[in-house]
Amino acid sequence: MEQISHYIAGQVAPGASGRSGPVFDPATGIETHRVDFASAEEVRTAIAAAAAAFPAWRATSLSRRADILFRIRDTLDAHRSEIAAHITAQHGKVLSDASGEVARGLENVEFACGIPHLLKGEYSEQASTDLDVYSIRQPLGVVAGISPFNFPAMVPMWMFANAIACGNTFVLKPSEKDPSPAMRIAELLSEAGLPDGVFNVVHGDRVAVDAILADPDVKAVSFVGSTPVARAIHESATRSGKRVQALAGAKNHMIVLPDADLDMAADAAVSAGFGSAGERCMAISVVVAVGAIGDPLVAAIKERMAKVRIGDGRDAQSEMGPLVTREHRDRVASYLDSGRGQGATVVVDGRQDPVSTGTGFFLGVSLLDRVTPEMDCYRDEIFGPVLSVVRVETYEDAIRLVNENPWGNGAAIFTRDGGAARRFQFDVEAGMVGINVPIPVPVGYYSFGGWKQSLFGDTHIYGPEGIHFYTRGKVVTSRWPDPATSRVDLGFPRTR
Ligand code: NAD
């Protein structure tokens, strides 16, 4: 069986800890690879390689760094299908979706190509007589990224593109469930001319993450994953004085007002609920049907669900693939029984779809209606192809429901009423808002991040806030000697 090893200082580094984990093809349920799990010592080796590469990389001119980023962009783009195939083989999402993931990740590399512009400071000539003041932003040093299974290529690109563009060196700890896309990206970055040690990959579990968090050479940690782990990582990194952004779980609501276009809303609910088998942090997991639209909306969603083509994702036809592991599939499916037991109506039970009985980790699409906020299927992040419908009477009931939910990643409204949409934008407590758009993932030149339990730390990821996260500011106050005006002055410096 093929072994997946670390990538340190520009080379594949076979694991030496004696610990490893299985990697499955979710479509067949077969274990295809073993991935090495790094020990604390191996993590130290990767961080040391990044620390050794930092002085030269930091001193590399902006134009040279931009040049390398353009090459990285072209190299990754040329291997787009290959990276997508790795994603499909280990994550399970269909090839077209995997290719979309790579494209959205590349947006971040494209943004980072503008680094000479993005790092421009401010300059105030003659702030005081013969005195100038200017600001610069400098890299932090070694920074680390810890990424989730559900976007094994895009989320690392959210992190490393800006990080290395700013002059930092990087250590990535990808998800142990689908590690190959990150490895292929590491090789391609080297091929594109990135100096050895600027980008390193260590695989593993909590042992590797704890070693990253404990290392004083790591100056900042960018984490994306589930809420309990995000909270713990934020606390630990903050305690040791590291800069940290920890993007976390979600429960994204889509409010459908009675005046919404029914077909458009139903199309959006099915696309955003079941795309990538619901394993997206911006998936719609709750449809909030306001007033009389409830019955026709549930009927329209059900009709569309019957047409979703489920398959192994390697063909052009399948629209939804399997879930990432058997345990995750079974956990997702358990919400159908718990929902029924707690009073929800199971409109479509995905377990009855024949795909759910094979050896792969498939689960058919499922719909729960008349879900209420006390039910486990509403309270927990299910992260699978189970869509819930909550019925409410008014817009006020709907916005209260959304705002009382502890998560606040994305939220959407479907309506034809511009005033209602504007009010929603004003009222809603979520970091990313869609108006007749179900998955409002910002483009690469804005920043991505949720509110409440969906983000620990104050900086959103990628875009302008990503540049801010990976740099620290310095302000220089400068005077050049002019013997003609020099004198002793013990007063506090004032502008003159
Ligand atoms: P996860 O929290 O299980 O794992 C994320 C990373 O943390 C992985 O690299 C994993 O190896 C590591 N990890 C897991 N348990 C750990 C522990 N106890 N201590 C230290 N490290 C640990 O998340 P996942 O299942 O890979 O990804 C799905 C989750 O990520 C969902 O909750 C989803 O909403 C969230 N997510 C959020 C965003 C966002 O931008 N807010 C984006 C994608 C995914």
**Asked** Among the residues of the range 249-267, which ones are part of a helix (DSSP H, G or I) and either more than 20 Å from residue 432 (Cβ to Cβ) or open to solvent by 20 Å² or more (accessible area, probe 1.4 Å) (or both)?
**Response** 262, 263, 264, 266, 267
**Asked** Name the residues in the range 299-326 that are closer than 14 Å to residue 363 by Cβ and part of a helix (DSSP H, G or I), would you?
**Response** 305, 326
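Condition check ((1) out of contact with any helix residue (DSSP H, G or I) (no Cβ under 9 Å at 6 or more places or on another chain); (2) closer than 27 Å to residue 211 by Cα) across all residues:
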site: 100; (1), (2): no, no
site: 111; (1), (2): no, no
site: 123; (1), (2): yes, no
site: 137; (1), (2): no, no
site: 140; (1), (2): no, yes
site: 146; (1), (2): no, yes
**Asked** What about residue 380, is it within 16 Å of the ligand (Cβ to nearest atom), open to solvent by 30 Å² or more (accessible area, probe 1.4 Å) and either acidic (Asp, Glu) or under 26 Å from residue 348 (Cα atoms) (or both)?
**Response** yes
**Lone unmet requirement of (1) away from the ligand (no atom under 16 Å from the Cβ); (2) open to solvent by 50 Å² or more (accessible area, probe 1.4 Å) for residue 429** = (1)
**Request:** Determine which member of the set 171, 209 is near the ligand (Cβ under 9 Å from one of its atoms) and either out of contact with any Ser or Thr (no Cβ under 7 Å at 6 or more places or on another chain) or not in a strand (DSSP E or B) (or both).
**Result:** 209
**Message:** When the residues of the range 399-411 are narrowed to those that are within 26 Å of residue 349 (Cα to Cα) and more than 16 Å from the ligand (Cβ to nearest atom), which ends up surrounded by the most Cβ atoms within 10 Å (Cβ to Cβ)?
**Reply:** 402
**Asked** Just one of the numbered conditions (1) open to solvent by less than 60 Å² (accessible area, probe 1.4 Å); (2) within 30 Å of residue 207 (Cβ to Cβ); (3) more than 16 Å from the ligand (Cβ to nearest atom) is not true of residue 246; which one?
**Response** (3)
**Request:** Considering each of 346, 287, 371 in turn, give the residue that is touching a residue at least 12 places away in the same chain (Cβ under 8 Å), in a strand (DSSP E or B), open to solvent by less than 20 Å² (accessible area, probe 1.4 Å) and touching a helix residue (DSSP H, G or I) at 6+ places or on another chain (Cβ under 6 Å).
**Result:** 287
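Yes/no matrix, rows are residues, columns are (1) at pLDDT below 95; (2) surrounded by fewer than 23 Cβ atoms within 10 Å (Cβ to Cβ); (3) in the same structural domain as residue 58 (by TED's automatic domain parsing); (4) under 30 Å from residue 65 (Cα atoms):
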| residue | (1), (2), (3), (4) |
| --- | --- |
| 198 | no, no, yes, yes |
| 222 | no, no, yes, yes |
| 226 | no, yes, yes, no |
| 239 | no, yes, yes, no |
| 242 | no, yes, yes, yes |
| 269 | no, no, no, no |
| 277 | no, no, no, no |
**Request:** Determine whether residue 421 is open to solvent by less than 30 Å² (accessible area, probe 1.4 Å) and assigned to a loop (DSSP other than H, G, I, E, B).
**Result:** no
**Request:** Within the range 14-31, identify whether any single residue is assigned to a helix (DSSP H, G or I), in the same structural domain as residue 202 (by TED's automatic domain parsing) and of a type outside the set (A, V, I, L, M, F, W, C), and answer yes or no.
**Result:** no
**Flag if residue 91 is more than 20 Å from residue 164 (Cβ to Cβ) and either at pLDDT below 95 or touching a helix residue (DSSP H, G or I) at 6+ places or on another chain (Cβ under 8 Å) (or both)** = yes
**Fill in**
Only unsatisfied item for residue 157, checking (1) within 15 Å of the ligand (Cβ to nearest atom); (2) open to solvent by 10 Å² or more (accessible area, probe 1.4 Å), is (2)
**In the range 10-47, the residues that are open to solvent by 40 Å² or more (accessible area, probe 1.4 Å) and aliphatic (A, V, I, L, M)** = 12, 16, 30, 40
**Message:** Which count do you get for residues in the range 451-483 that are of a type in the set (Ser, Thr, Tyr), open to solvent by less than 30 Å² (accessible area, probe 1.4 Å) and in a strand (DSSP E or B)?
**Reply:** 2
**Complete:** Counted residues in the range 83-109 being in a helix (DSSP H, G or I), out of contact with any Leu (no Cβ under 9 Å at 6 or more places or on another chain) and not small (Gly, Ala, Ser) come to 8
**Item:** Pick from the range 443-488, criterion more than 39 Å from the chain's Cα centre (by Cα) and of a type in the set (S, T, N, Q), ranking: nearest to residue 407 (Cα to Cα)
**Value:** 478
**Message:** Can you say whether residue 330 is open to solvent by 30 Å² or more (accessible area, probe 1.4 Å), over 29 Å from the mean Cα position of the chain (by Cα) and either of a type outside the set (Phe, Trp, Tyr) or within 18 Å of residue 90 (Cα to Cα) (or both), as far as the supplied structure shows?
**Reply:** no
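The values are calculated or read from the model by the stated rules, or taken from the named source; none is laboratory data. Computed from a predicted model, the values in this text were never measured in an experiment. Glycine gets a Cβ as well: all are built from the backbone with ideal geometry, and neighbour counts include every protein chain shown. Surface accessibility is based on the protein's heavy atoms, side chains included, excluding ligands, DNA and RNA. Shrake-Rupley method; radii C 1.70, N 1.55, O 1.52, S 1.80 Å.
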